[in-house]
Structures are given as structure tokens and as C-alpha cells.
Amino acid sequence: MKIGIRNNFLRLAAAGIASMMLVPHASAEMDLSGKRVNMIIPYQEGSGSTIHGRLFAIGLEKNLPGNPTIIVENIDGGGSVRGINQFVASAVPDGEHIAAIATGTFFQYLLKDPAVQYDLPTLKPFLASPFGLLIYARTDALESEDPVENIKAMIESPPIYGAAGPTSSDLPVLLSLDLLGLKPQYVFGLSNAETRAGFERGEFSLNYDNMASWAQAVKPLVDDGTARPLFTFGFEDNGEMVRDPMLPDVPTFLEIYEQVHGKPLEGIEYEVWKALFNVRVMGSKMLVLPAGTPDEIIETYGEAVKASLESDELKTEAANAVIGPYPQRVGTDAVAVFQEGLNLSDEARAWLFDWLKETHDITR
């Protein structure tokens, strides 16, 4: 379905993202006056990518030259493949077509999904939004407050874990658990909302969530004693792996791994894990222009995002709940994140394919 951002003004305003006064244009080079910019979001309505995309659409409407109307079109299917295939096939590099890409877009490309018809490296990113990951367990399934001791106990007595599937956005978490030596009893075919609901009912004792869900969905479970954090994926700051800025008191996967195994993660295993981390955390959600877009248009979109981030619209409590404490990567910084997400060597890809076959009986 197609939804004009302006036509949803009242609903978005109720969410705390109100329209404010116009700010100066990002560039005088391009004029989108009276134009309609189409934004394809390859996930279902109400998804995290949709919420993220609509938030930035509000900022872009106000900061792109000519203040165009941005139309959001959700095209769900295939872990984003259907929507991005359509975007690549139909988008014109004139500044009037943009798309959201996310974890699934990268994984289906990197894993050579036969349904993929897009050449991912040719897309032109202008925004990369990081989002951390948290792995947590039911408190009634734990015997300690020490996450390392809890992981060791789960290695001995595997928990039940619900997930969409090994080649979905769950892939980095499934790999991380396996690298720790933890072999859960998996129930596949479930959405993240379904797994969280099952976790709350006690059907699953282990779960993970994107940090965008922390405040509203996960923190209440921690506060009432239902859940306890085990580890985050951490965050990369100027090339250094640090704790997630949203939960700095919770250890990272790499910390837990070293404490469980007595040595740091290294070699091909680290290369594969780091590549998946680049996609799942640092490049969690991106906005892109189609292949062939002129540099001046890409720069104009980057400048519009920068202006949006400084505007009142993206400084509200509601907007902060979407973006979190993570620094947004714009322009050349977004390109660097994008390229890191594609940085999977042939050796690492072969190792990952072997792991999928041996661990989950999946072949490509």
C-alpha cells in the first residue's frame, strides 16, 4: 500500500513527531518542488524499517530542495528481496526514488539467494543507522546473576529458542550461540514478535531483540524480573569494539566468548562473525539511491539528512526511541559502513556455507 507522509500528519504528530518550520534547503543544485519522491521499504507495514524510514522521510521532506512529498511504499517478501528487486528494476537515478535496505537485503545477497536480482554493491547509500543487539534469558531458567556462568549452564542444558530461520536476520545470533558452544533446541518459522510473546509465556527460555525494542518491549521484562540480559553484540567506535552505548553495563559477545573459552575469538571464525556484525549492527538500517545516481544528488541527500538530524523533528522523545544513542553515519561514512557490510571474503563465505550445512542442513 502507498501512504503519503503528509497524509499521515495527524497520526505521526500523535506519536510526538510533529511538523516544524521549514529550514534552508540542503542544496540549490536540485529542485524537487512539486515532486513526489517514492521510498520503497521492503518490509511489512509497522516493521522497524518502516518506522525508521518514515521518521527520516519527515526530515527529508523538509530539508530536500523544493520540499517534495515522500510516498512510502511497503513491498514485503523474501526477507526484503521482492521489494529491492522491484526498486532496482524500476527506480530512475533522478533523485525521486529511494529505498530502505536492512539486514535481510545483505544476507540474501551474501548467501546467494537465487531470488536476488539486485547487484547490491551498485546501490548508493546516504544514511546508515546502527542498532545494537541484546541476547537475554528468562530469569526462572537461570541459576546465577553471572552471565558467563549462565552461558556455561546453558551449554550443559540447552535452552529452547524460537527464530525465523538460519538465513534470516537471526543468522548472527545463531552463529554467536554456536561459537560459544551453546546448542539450543530451535523452533524456526517465527517472527521476532512471536518469539518474544513465546518467551513471555515461558515457551522459550532464550531470546534476542534489536535495541530499538529495548525501551518498550524488553526493559519492562527485565524490570519485572522476567528476563535478564546475557550479552550484547557491542558497538564499533573508531575501529574499536566497545560496549553497546545503550547498555554499557552489559558485557559484549566478544567479552563473554573470551571468558567462556579462555581466549579471544580469532581466525576465520572472527572474520565471519565480524562481517555479520557489520551488517546486523553497524549497517542495521540504511537509505539508498539507485545505481547511476549522480554524485551531486547523493550529496544533496546526505546534506538533507544532516539537516534533519539537527532539526526539532528528530530530537523528540519519539524520534530518539527510533534512533537511540547511536551516531548516525551520513554521506561517505554511510558508504564506509555499506562497504564493510559487503566485506566477506571468498574463504569466509565458504566457511559460512559449510557452517550452515553442518549446523542447520542448509545448502545454497
Simple label model, 7 Å out from Cα along Cβ direction - residue 315 to residue 92, nm = 3.8
The chain - charge dipole about Cα centre, Lys and Arg +1 at Cβ, Asp and Glu -1, debye rounded to 20 | 1020
Expressed in angstrom and ordered largest first, the alpha-carbon extents of segment 133-266 along the principal axes are 37, 32, 31
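Name the GluC sites (Glu not before Pro) in segment 228-327 that are in a loop by DSSP and that have at most 15 other C-beta atoms within 10 Å, would you?
Here the GluC sites (Glu not before Pro) that fit, given the DSSP loop and packing criteria, are 266, 310.
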Env charge @ residue 77, Cβ radius under 14 Å, K,R +1 / D,E -1, value -3
Arrange 232, 293, 122 by Cβ neighbour counts within 10 Å, fewest through most, would you?
-> 122, 293, 232
Each label point is 7 Å from the Cα along the Cα-to-Cβ direction; what then is the distance between the points at residue 45 and residue 122, in nm?
-> 3.2
Sites matching trypsin sites (Lys or Arg not before Pro) across segment 178-286 that sit in DSSP coil, with at most 14 neighbouring C-beta atoms within 10 Å | none
With a sphere of radius 13 Å drawn around the Cβ of residue 209, what net charge do the other residues whose Cβ falls strictly inside it have (Lys, Arg +1; Asp, Glu -1)?
-> -1
In the chain, how many lysine pairs have Cα atoms under 16 Å apart, counting only pairs 8 or more places apart or on different chains?
-> 10
Tell me, 190, 289 in order of fewest to most beta-carbon neighbours within 10 Å?
-> 190, 289
Difference of contour (0.36 nm per residue) and Cα-Cα distance, residue 224 to residue 295 = 20.5 nm
Rounded to the nearest whole Å³, what is the per residue volume of the convex hull around the Cα atoms of the chain?
-> 132
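May I ask you to sort 52, 360 by Cβ crowding, counting other Cβ atoms within 10 Å and putting the fewest first?
Fewest to most other Cβ atoms nearby, the residues stand as 360, 52.
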Find how much the distance from residue 217 to residue 350 grows on full extension, using 0.36 nm per residue of separation minus their present alpha carbon separation; answer in nm with one decimal.
-> 44.2 nm
Inter-part gap, Cα centre of segment 225-241 to Cα centre of segment 115-180, in whole angstrom, is 11
How much length, in nm to one decimal, is gained on full extension between residue 241 and residue 333, taken as 0.36 nm per residue of separation minus their Cα-Cα distance?
-> 31.4 nm
Please go through segment 71-158 and write out the trypsin sites (Lys or Arg not before Pro) that DSSP classes as loop and that have at most 14 other C-beta atoms within 10 Å.
-> 112
Using a Förster distance of 45 Å, the FRET efficiency for residue 342-residue 146 (Cβ separation, nearest 0.05) | 0.75
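Readers should treat all values here as calculations from the given coordinates under stated rules, not as data from a laboratory. Everything numeric in this text was worked out from a predicted model, so none of it was measured. Positions of Cβ are backbone-derived with ideal geometry, glycine not excepted, and every protein chain shown enters the neighbour counts.
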